[in-house]
Amino acid sequence: MNAGEDFSLRGKIAATAAAVALAIALGGVDYSTGREWAISAFYLLPTCLAGWMAGRSAGFAVGVLCAGVWFLSDVFSGPAYQDPLIPVWNAIMLFAFFFVVVWLLTAFRSSHYHLEQTVQR
């Protein structure tokens with residue numbers, strides 16, 4: 001039994017679906033408010049939800065989705081940047097941050113699970 005077996009498959013799918021819905025909702029809010037509200041940090045919520053509940057792969061997939069949704073809302077919601085590559089760079093850095101957070105979060109979850117198993121034995 002590994003760290004991913006304590007959540008059922010149905011729970012993992014539900015958590016991933018909730019994370020995707022939250023990412024899309026955040027993208028809608030981000031697009032509608034333009035650059036008046038800086039909500040890019042909130043994209044970490046669905047990424048962490050998927051990573052914690054469904055595992056590393058789901059966390060990475062939702063992280064890619066969140067970075068993409070943020071990129072689209074940033075490109076289409078306001079005046080252009082001086083350089084057209086700035087939003088691309090920002091999206092890549094946002095995903096790199098999501099990648100590190102998901103990696104650390106799932107490593108913590110796995111080590112916590114193994115510690116619990118050791119204590120129970």
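The values are calculated or read from the model by the stated rules, or taken from the named source; none is laboratory data. Given the structure is predicted, the values throughout are model-derived calculations rather than measurements. Backbone-built Cβ (ideal geometry, glycine too); neighbour counts: all protein chains shown. Quick note on the areas: whole protein, heavy atoms, side chains included, nothing else; ligands and nucleic acids left out. Shrake-Rupley method; radii C 1.70, N 1.55, O 1.52, S 1.80 Å.
Overview of values
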| read-out | value |
| --- | --- |
| Qualifying residue in the stretch 99-109 (condition: surrounded by fewer than 19 Cβ atoms within 10 Å (Cβ to Cβ), hydroxyl-bearing (Ser, Thr, Tyr) and on the phi < 0 side of the Ramachandran plot) | no |
| Candidates Ala21, Ala15, Ala80, filtered to the one that is aliphatic (A, V, I, L, M) and at pLDDT 95 or above | Ala21 |
| Single residue of the stretch 73-87 satisfying the filter (assigned to a helix (DSSP H, G or I) and touching a helix residue (DSSP H, G or I) at 6+ places or on another chain (Cβ under 7 Å)) that is surrounded by the most Cβ atoms within 10 Å (Cβ to Cβ) | Ser73 |
| Hey, Val62 aliphatic (A, V, I, L, M), closer than 30 Å to Tyr113 by Cα and either touching a Ser or Thr at 6+ places or on another chain (Cβ under 7 Å) or outside any helix (DSSP H, G or I) (or both) or not | yes |
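Residue by residue, here is whether (1) in contact (Cβ under 8 Å) with a residue 12 or more places away in the chain; (2) over 11 Å from the mean Cα position of the chain (by Cα); (3) open to solvent by 30 Å² or more (accessible area, probe 1.4 Å) holds:
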{"position": "Lys12", "(1), (2), (3)": "yes, yes, yes"}
{"position": "Ala19", "(1), (2), (3)": "yes, no, no"}
{"position": "Ala23", "(1), (2), (3)": "yes, no, no"}
{"position": "Asp30", "(1), (2), (3)": "yes, yes, no"}
{"position": "Leu44", "(1), (2), (3)": "yes, no, yes"}
{"position": "Ala50", "(1), (2), (3)": "yes, no, no"}
